[in-house]
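Chemist: Quick one: this structure, given as structure tokens, is what I'll be asking you about.
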Amino acid sequence: GNSVTQMEGPVTLSEEAFLTINCTYTATGYPSLFWYVQYPGEGLQLLLKATKADDKGSNKGFEATYRKETTSFHLEKGSVQVSDSAVYFCALSGSARQLTFGSGTQLTVLP
Amino acid sequence: DTGVSQDPRHKITKRGQNVTFRCDPISEHNRLYWYRQTLGQGPEFLTYFQNEAQLEKSRLLSDRFSAERPKGSFSTLEIQRTEQGDSAMYLCASSSGTSTGELFFGEGSRLTVL
């Protein structure tokens, strides 16, 4: 079946540091890949997505590239801000558009 | 557009009681999903509706769990004879038929079973 493996957290960085959160997946076929973010006290929201191999999703300075050869979708940001502190979830789409999520990575950015 | 709303936000109950959660999706969305999230884990898919039809329910955790979407609008998730292991956050999400996996989530209903 489908599965997503995410870099374990928590991750603590200083403001303006470079961020990478690793995500690898196992799936049949050609799933779409997503990063969702959950800010404190809020619901999950879509951060970015990629629907086919070599696509790059980007939003709010975050980027992730769909790498079919390594079955990966790592999240990166060149310079994090305190406001980026949140839990980040990697996910893939399966049948009927249901999502399979990773376990989440807690990011804390210190000023 | 008021987003996906869930009620109640927090429910505390005693073991053996029944609980029901309600989800109101974004009005133009025809797909509705229920997920469960336990501490330190990602959301786990439970069931899915397209309009009023429940198209996937094999992932419901046991026969104590049931969901309905009677008129293709709001949905309810009922847990009968609750157990302590049912304590979790229950998330509802909706999407339009044209989206490619983008789900819009509510803030969740947290269940605590004593």
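Chemist: Restricting attention to the range B:66-90, report how many residues are touching a Leu at 6+ places or on another chain (Cβ under 7 Å) and either of a type in the set (A, V, I, L, M, F, W, C) or within 14 Å of chain A (Cβ to nearest Cβ) (or both).
Modeler: 3
Chemist: All but one of (1) surrounded by fewer than 16 Cβ atoms within 10 Å (Cβ to Cβ); (2) more than 14 Å from every other protein chain (Cβ to nearest Cβ); (3) of a type outside the set (Asp, Glu) hold for B:Leu55, so report the exception by its number.
Modeler: Checking B:Leu55 against (1) surrounded by fewer than 16 Cβ atoms within 10 Å (Cβ to Cβ); (2) more than 14 Å from every other protein chain (Cβ to nearest Cβ); (3) of a type outside the set (Asp, Glu), the one that fails is (2).
Chemist: Please enumerate the residues belonging to the range B:29-68 that are hydrophobic (A, V, I, L, M, F, W, C) and assigned to a strand (DSSP E or B). Working first, answer last.
Modeler: First pass over the range B:29-68, keeping only residues hydrophobic (A, V, I, L, M, F, W, C): B:32, B:34, B:39, B:45-46, B:49, B:53, B:55, B:60-61, B:65, B:67.
The answer is B:Leu32, B:Trp34, B:Phe45, B:Leu46, B:Phe49, B:Ala53, B:Leu55, B:Phe65, B:Ala67.
Chemist: Failed condition for A:Tyr25, given (1) modelled with pLDDT of 95 or more; (2) in a loop (DSSP other than H, G, I, E, B), with all others met?
Modeler: The single condition A:Tyr25 does not satisfy is (2).
Chemist: Could you check, for the range A:52-66, whether at least one of its residues is touching a residue at least 24 places away in the same chain (Cβ under 8 Å), assigned to a strand (DSSP E or B) and in contact with a Gly (Cβ under 6 Å, 6 or more places away or on another chain)?
Modeler: yes
Chemist: Look at A:Ala17 and say whether it is surrounded by 13 or more Cβ atoms within 10 Å (Cβ to Cβ), over 15 Å from A:Gln106 (Cβ atoms), hydrophobic (A, V, I, L, M, F, W, C) and more than 15 Å from the chain's Cα centre (by Cα). Working first, answer last.
Modeler: Details: surrounded by 13 or more Cβ atoms within 10 Å (Cβ to Cβ): yes; over 15 Å from A:Gln106 (Cβ atoms): yes; hydrophobic (A, V, I, L, M, F, W, C): yes; more than 15 Å from the chain's Cα centre (by Cα): yes.
Yes: the conditions hold for A:Ala17.
Chemist: So, one more: Just to be sure I understand, how many residues within the range B:93-113 are farther than 11 Å from B:Arg31 by Cβ and either under 17 Å from the mean Cα position of the chain (by Cα) or modelled with pLDDT of 95 or more (or both)?
Modeler: Adding up the residues that qualify gives 9.
Chemist: Kindly list the number of the only condition in (1) at the interface with chain B (Cβ under 9 Å from one of its Cβ atoms); (2) surrounded by 17 or more Cβ atoms within 10 Å (Cβ to Cβ); (3) farther than 21 Å from B:Thr38 by Cα; (4) not basic (Lys, Arg) that fails for A:Phe89.
Modeler: (3)
Chemist: Within 8 Å of chain B (Cβ to nearest Cβ), touching a strand residue (DSSP E or B) at 6+ places or on another chain (Cβ under 9 Å), charged (D, E, K, R) and not in a strand (DSSP E or B): is that true of A:Glu8 in this structure?
Modeler: It is false that A:Glu8 is within 8 Å of chain B (Cβ to nearest Cβ), touching a strand residue (DSSP E or B) at 6+ places or on another chain (Cβ under 9 Å), charged (D, E, K, R) and not in a strand (DSSP E or B).
Chemist: Test B:Arg69 against the stated conditions and say whether it is exposed (fewer than 14 other Cβ atoms within 10 Å of the Cβ), under 13 Å from the mean Cα position of the chain (by Cα) and farther than 22 Å from A:Pro31 by Cβ.
Modeler: Values: exposed (fewer than 14 other Cβ atoms within 10 Å of the Cβ): no; under 13 Å from the mean Cα position of the chain (by Cα): yes; farther than 22 Å from A:Pro31 by Cβ: yes.
No: the conditions fail for B:Arg69.
The values are calculated or read from the model by the stated rules, or taken from the named source; none is laboratory data. Everything quoted here is computed from the prediction, not taken from an experiment. Here the Cβ is made from the backbone with ideal geometry for all residues, glycine too, and neighbour counts use every protein chain on show.
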